[in-house]
Each structure stands twice: as C-alpha cells, then as structure tokens.
Amino acid sequence: MHMADALLSPAVAATMYAASAVTVGASVKTLKKDETTAKLPAMAVTSALVFAGQMINYTIPGTGSSGHLCGGMMLSALLGPQAGFLSMVVILTIQSLFFADGGLLALGANCWNMAFYGCFVGYYLLWRPIMRSGLFGKLGAKGAGRAKIMLASILGCVITLQLGAFSVVLETSLSGITELPFSAFVGIMQPIHLAIGLIEGLITSAVLVFVYEARPELLMDLNTGDVAQSRFSLKGTLIILAVAASIVGGGLSLMASSYPDGLEWSMFGNTESGYSENMGLDEENFGVSSSAADTAGSIQEKTAFLPDYAFANSDSAAGTTVSGLVGSAIVAGVAVLVCLAGGFFRKKKVAAKA
C-alpha cells in the first residue's frame, strides 16, 4: 500500500508530512527511557523482521492481486505504540530512500496510512483492551492468552488496514485525482484490503503466539493470569527472530508473488494475467505532476542504491537476497539509533530542568 508521489498533490503531501512529524515528536517525547533501553534488542530484531516481511507479497486467490505485511500491529504489540510507530517510520523511510519503494513526497502519507493506524488505533482500541480483558477465561491461562492474541491480531490488522486503505482514497480525492473517483475507488480498495488484512492478521497472530510461548514478557499488556512459562531465554528468542528475519528477507523474498499489490491492482488491474482492469489507469501516465514530485523523484534516484529491491539494471535474484539482508540490517541499526537519540535529548532536557 505504498503510495507513489503521483497520487498526491504537494499540499496534501505536506499536510500528511506534518501529521506524521507531529506523531513522531509526540512518540519520542512520551517514550520512557528505561523501557526504551530495555527493549532496544527487541526493537532492532522485530523492525528487521517487519522490513523482511514486507518484501513478501502473498497472492490473494481469485483476484489477480497480492498483499504484504504492514507490521504496525505486530510492532506495537511487542514494543508499545510509540516505539512501534518510530520503528515503522524508520522502515518506511529506508524503503523509500534506499529501495525506491513508495514515493519520497508521499512518505508522510505512507507513515500515516501504514503505521499510525496499526500502532495507535490498533493498540489502544483493540490490542490493549482485549489483552487486559477477562475473555476466554475458561480456557486456562495459556489457552486464554493464545486466543486473545489471535483475536486482537486479526481484528486489529483487518480494521487498521481498512482505515489505511480508506485514507489512501481520501488523500487521492483531496489531491484532485479525477481518474480515481471517490466512490468507485472505495468500492475496489476496501474489499481487496479486507482480504489482505485478514491474511496479515493470521501472520501477525502466528508470530505473536510464538513470542508468547517463547518469552511472554516481550508482549505488551498481558494479564498476569494469562502469562505462560517461558520456553526460551530472551537471548534465544531474539536469535530465533533474527534468523527468521534473515531467512525471510534473504531467501523467502525470492518467492514473493509477482501480482500487483492491492493499491496497484485497484488502479491498474491485472489484465495480463486474465483479470479485470479495475480503474484502468495508464501505469506510465497517471495522477498529478508537480515540481515537488519531480524534485523528490530526483533525490530518490540518487539515494536508491537497490531500486525495487534489486541491483540496478539487473534481473539477478541475488539483488533481492542482498536487498533483504542489507535492508534488514540497516533498519535494525537505525531503529535503535533513533530511540537512543530520543533518550539522549530527553536526558539532557531533564538535566537542564534540575
């Protein structure tokens, strides 16, 4: 659901940048330093896992479309909404700058659509209330914990992806993209992202149930009565997740679906594979053009050293493998640095007041 620059007018893009920037500032300000420091290893590993997971598009049967993990619900369940949102911003920024995945002008909108809803709406309205509730009490501690995780993950991913998809439609409408009439675009975007969100919910629940079984204290808001006995050490659990990120990004990404994702499919269809044309836009000429988009595109061409997760001007599969491994490593390091920097400046501010 990464938006391209052509889908946004400069005014709408600037508004979304401002909204995402304010949320970043608030997230850094509200993070508790002791909690952040304790979660740095988990933040690095899980951010890398989400980056790798986003490289795998899974086919939506019978549609000619595909989807991929967003990851906001997963990260907020493991790190909390603030750290989760910051990690998602890091992932989306690195994807845009180094891999040309999502427009640079559209980065603020992509952070809002793909990170804000999953990290904040998903966490505060779904994850935390469900995990703190007395639901499934008769299943016993372990069974109740698993059931809550699955319910919160699936509901959270479905609902927050619907909100993100609707925001894409709203943003293109406000940008004056007349080729994408509001009602028709909504009618295509929402159903396909319902299916994509359901599969993401199943993936998210599988990962979080593993963490619950392996090291339950890594999850946010567990009731004390739902906590299962740890099967692995913290170090062992993080190593397993790190290995999984390497396998997913470096190997499984080679098997990603070649079908267009939900947004691209909604706009361009997939007639080449015998499916509908949907909105039927021309992939080479759509949306709005602006000097801001041209400038952003020029910058992106210079910074993207692995465009589209491949070596430039090469079809070698090794480019995808290198992209998965290098991108995951960069995301892990930058996510940690962002939170360390936030803690440093917060510490200086406290010292200045003393």
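Where a number appears in this text, it was derived from the coordinates with a stated rule and is not lab data. Model, not experiment: these values are computed from the prediction. Counting neighbours? That spans all protein chains shown, and the Cβs are built from the backbone with ideal geometry, glycine included.
To the nearest 20 debye, what charge dipole does the chain have about its Cα centre, counting +1 at the Cβ of each Lys and Arg and -1 at the Cβ of each Asp and Glu?
Around 2380 debye, computed over the chain.
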Place a label point 7 angstrom from the Cα of Met255 along the Cα-to-Cβ direction, then list the residues of region 309-341 whose backbone nitrogen is under 18 Å away.
317-318, 320-322, 324-325
Rounded to the nearest 500, what is the chain's calculated 222 nm mean residue ellipticity when only DSSP H runs of at least 4 contribute -39500 (n - 2.57) each, over all residues?
-21000 deg cm²/dmol
Amide H contacts of Leu8 (H built 1.01 Å from N, under 5 Å, at least 5 apart or other chain):
Val288
Of Tyr117, Val45, Ser76, whose Cα points farthest to the positive end of the dipole of region 1-138 (charges on the beta-carbon: +1 Lys, Arg; -1 Asp, Glu; origin at the Cα centre)?
Ser76
Looks like region 33-155, by Cα gyration tensor root eigenvalues a ≥ b ≥ c and the a/c under 1.5 rounded cutoff (else prolate when a/b is bigger than b/c, oblate otherwise), is oblate
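Work out which GluC sites (Glu not before Pro) in the chain are exposed loop sites (DSSP not H, G, I, E or B, at most 13 other Cβ within 10 Å) and give the longest gap free of them.
Value returned for the longest uninterrupted segment is 1-276.
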Give, in nm to one decimal, the length gained when the segment between Ser230 and Thr271 is fully stretched (0.36 nm per residue of separation minus the Cα-Cα distance).
9.8 nm
Exposure proxy order (Cβ contacts within 10 Å, fewest to most) of Phe185, Phe136
Phe136, Phe185
If you find the alpha carbon centre of region 101-169 and of region 275-340, how far apart are they in angstrom?
26
How large is log10 I(q)/I(0) at q = 0.12, 0.15, 0.24 Å⁻¹ when the Debye formula is applied to the Cα atoms of region 1-103, each weighted equally and without solvent?
-0.48, -0.72, -1.33
Report the label-to-label distance for Thr295 and Ile239 in nanometres (one decimal), using points 7 Å from each Cα along the Cα→Cβ vector.
5.0
Full-stretch length increase - Asp221, Ile247 - with 0.36 nm per residue and alpha-carbon distance subtracted:
6.4 nm
With the crude spin-label approximation of a point 7 Å out along Cα→Cβ, what separation in nm comes out for Asp315 versus Ser183?
4.4
For Cα Rg over 2.2 N^0.38 Å, the choices are [x] 1.04; [y] 0.98; [z] 2.08; which was calculated from the structure?
[y]
Going highest first, how would you order 243-256, 90-103 by mean Cβ packing within 10 Å?
90-103, 243-256
Would you count, across the chain, every pair of lysines whose alpha carbons are under 20 angstrom apart, provided the pair is eight or more residues apart or spans two chains?
16
